[in-house]
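Working notes, structure below.
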Ligand SMILES: Nc1ncnc2c1ncn2[C@@H]1O[C@H](COP(=O)(O)OP(=O)(O)O)[C@@H](O)[C@H]1O
Ligand SMILES: [Mg+2]
């Protein structure tokens with residue numbers, strides 16, 4: 001291995017410090033004995049205990065979980081369908097426009113997405129609550145799923161589907177029995193991505209929520225305005241944990257399939 | 001032979017299994033298949049042969065139902081199938097890339113189609129086992145496709161496409177990914193399986209040797225059209241165009257103008273059977289005689305073993321070399337003097353006075369100024385006066401040091417010799433610069449060693465050995 005020069009080492013640690021120092025501070029202070037956020041008074045997990053006794057936080061956690069599961073599942077179904085059509089349907093009129101439009105929400109300012117959805121919900125007279133947040137989250141996370149899935153589908157050998165048709169499958173059976181099992185890792189990582197996005201979102205949720213539905217990010221944001229409490233730190237630490245696990249699982253899933261295949265192939269070559 | 005020859009295409013009562021009627025396929029404004037008609041019969045092993053991009057895969061995909069046709073009809077068993085979706089056709093395809101399902105085991109891959117048919121478990125078990133045995137893959141049933149070699153994958157793909165016992169099996173360049181030796185073995189395996197199952201096979205290939213080996217009939221394609229459909233030997237011996245002659249195997253082409261042969265030449269005596277045999281294989285005899293003589297000459301010169309030698313042989317060498325009588329003997333090459341002696345002894349044996357009678361009729365091809373025209377007794381007199389191409393296979397062209405008694409003989413110089421083990425190809429340049437290939441079977445190790453680079457030689461061929469093709 002090449003050794004790091006002094007310069008490289010410094011810039012690397014500076015970069016990582018910039019990225020992770022705030023989070024590390026947050027995690028450390030979530031274990032602080034003292035109520036005062038900036039004064040270290042010894043190790044304790046009491047704020048976690050207190051968190052789980054706080055009904056409001058538990059309610060918010062439950063809402064967040066529901067929104068996350070429903071919206072990411074819906075987004076996965078819709079996003080996979082969109083990706084399938086865009087990759088498979090070949091050249092149809094307006095294909096470029098469609099694929100462009102699928103990706104546009106990726107760069108759309110959240111404020112605008114949130115505002116436009118709010119106007120829509122008011123316009124059609126939909127009561128704001130869990131349902132509207134689910135719909136809103138589905139809208140913006142669907143395009144992330146479709147990006148992940150379509151990149152897998154472009155490298156997918158079309159003749160596998162044709163072989164399934166040839167052996168007697170209907171188009172839907174071919175998708176269910178052949179395509180879906182093979183692209184499953186990409187679909188699952190798309191779901192995890194959508195779930196973490198939903199967990200993180202503050203702006204769009206604030207626009208589309210009603211009095212009955214408060215998600216954790218909204219809860220944290222409003223609590224912090226009254227002053228940072230160690231309880232919030234504990235909650236945020238938990239969120240960081242969940243998101244990290246989600247993202248790592250997603251990338252491991254995609255990587256491992258490829259690695260396993262390479263290993264098996266090498267084994268087969270050695271055996272031959 | 002008592003066995004009746006399999007040739008349903010010659011029998012007018014036979015109904016074809018597949019019929020293409022004026023089928024066209026266009027991709028945008030590109031015509032991939034152009035008004036093509038073709039019939040394929042039950043139990044045939046039919047080969048589509050042509051260069052890459054000529055539309056072979058498109059033909060297959062239209063049969064399997066993956067491409068809609070732009071015009072015409074495709075009939076299977078007399079029924080129009082153009083509108084039948086792929087999953088409803090009694091046709092299975094073995095894909096060029098094999099297309100094995102990577103997430104399923106070999107066993108599940110083969111069972112896939114049977115499960116879709118809704119067969120009961122016992123039937124599926126039995127059928128899959130049968131297919132595994134047929135393709136000798138039973139040991140690997142539990143493996144995944146990426147855990148077996150390319151040749152094994154190819155066999156699994158075959159087993160999977162045969163499992164549903166289709167009426168018609170389509171094979172798209174099935175052996176393209178295999179190395180030469182494995183490919184040859186697999187060709188025979190395919191023929192064996194085709195015979196055992198009685199399935200009609202349509203195979204796509206761009207390898208003419210492969211088509212010649214496996215097929216009952218071959219369709220030679222060029223840019224979306226069929227140029228010739230015939231049995232392998234007819235395709236080889238009687239190509240109907242320069243394209244086919246040139247595509248299949250090696251060929252010498254002479255283009256020129258045809259004229260009807262003068263009547264006085266036609267007055268020659270009737271050809272005899274013996275003459276025909278002489279016309280097709282004279283050089284073998286000559287070569288053989290050469291070598292036999294040379295071999296006896298060298299055999300007399302071999303030293304006999306003495307007592308010590310005998311003892312050594314009995315005690316030691318016999319164990320691993322076998323009995324001496326059957327042990328292969330390596331002969332040193334004969335000296336030039338011996339070859340000359342052998343040839344001298346052989347020469348008077350040939351009757352110099354009885355010039356071979358040349359079959360009457362046919363045409364002459366004027367192909368170059370200052371060269372005698374080519375006599376083609378089998379040429380159609382109807383082409384007289386037209387531009388034609390005379391085509392002859394290198395193995396029908398003989399090469400001699402002296403002028404041979406052959407209807408067509410031309411003088412030239414050896415430019416190159418390609419030694420291919422079983423045969424040698426001589427590249428001979430004629431006086432007007434035309435290059436001609438002549439092939440010799442190396443039946444004996446020493447055959448034709450006396451002809452070498454830069455030698456003045458004569459090439460010759462009989463009046464019926466070539467084919468006259470209209471341009
Ligand atoms: N889907 C398609 N769209 C446009 N052109 C195609 C398509 N499929 C095949 N072709 C064209 O049709 C011709 C015949 O192709 P193909 O049947 O695959 O040839 P082969 O199998 O003989 O090599 C080629 O020139 C190819 O470019
Ligand atoms: Mg092809």
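Counting every other Cβ atom within 10 Å of each residue's Cβ, A:222, A:189, A:198 order from fewest to most as A:222, A:189, A:198. Of all DSSP beta bridges in the protein assembly as shown, what percent run antiparallel (nearest 5)? Antiparallel bridges make up about 75 percent of those DSSP assigns within the protein assembly as shown. With Cα atoms as the point set, the protein assembly as shown shows a radius of gyration and Dmax of 39.7, 128 Å. Projecting label points 7 angstrom from Cα along Cα→Cβ for residue B:185 and residue B:119 puts them 2.8 nm apart.
Note on region B:8-249: Cα-only Rg and Dmax are 17.9, 56 Å. Angle of helix A:216-225 to the longest C-alpha principal axis of chain A, folded into 0 to 90 degrees and rounded to 10: 30°. Per the Cα gyration tensor, region B:379-471 maps to an equivalent ellipsoid with semi-axes of 26, 14, 12 Å, ordered largest to smallest. Let's test the formula: R0 of 22 Å, r as the Cβ-Cβ distance of residue A:245 and residue A:21. What FRET efficiency results, to the nearest 0.05? Working from the Cβ atoms, E equals 0.55. Based on every Cα atom in region A:1-53, Rg and the maximum pairwise Cα distance Dmax equal 16.8, 52 Å. Here the residues A:259, A:77, B:229, ranked from fewest to most Cβ neighbours within 10 Å of their Cβ, fall in the order A:259, A:77, B:229.
The residues A:251, A:146, when put in order of fewest to most other Cβ atoms within 10 Å, stand as A:251, A:146. Expressed as an acute angle from 0 to 90° and rounded to the nearest 10, what is the orientation of the C-alpha long axis of helix A:6-30 relative to the principal long axis of chain A? Tilt relative to chain A: about 60 degrees. For region A:41-232, the orientation-averaged shadow of the C-alpha convex hull comes to 14.8 nm² (one quarter of the hull surface).
Would you mind classifying region B:76-127 by shape? Square roots of the alpha carbon gyration tensor eigenvalues, ordered a ≥ b ≥ c; an a/c under 1.5 is rounded, otherwise it is prolate if a/b is larger than b/c and oblate if not. Because a/c hits 1.5 or more and a/b fails to exceed b/c, region B:76-127 counts as oblate. With label points built 7 Å along Cα→Cβ from the Cα atoms of residue B:415 and residue B:105, find their separation and express it in nm. About 6.2 nm, to one decimal.
Extension gain for the segment residue A:98 to residue A:226, taken as residue separation times 0.36 nm less the Cα-Cα distance, is 41.6 nm to one decimal.
FYI, it's all coordinate maths here, none of it is from the lab. Since this is a predicted model, take the numbers as computed values, not measurements. So basically every Cβ, Gly included, is an ideal-geometry build from the backbone, and we count neighbours across all protein chains shown.
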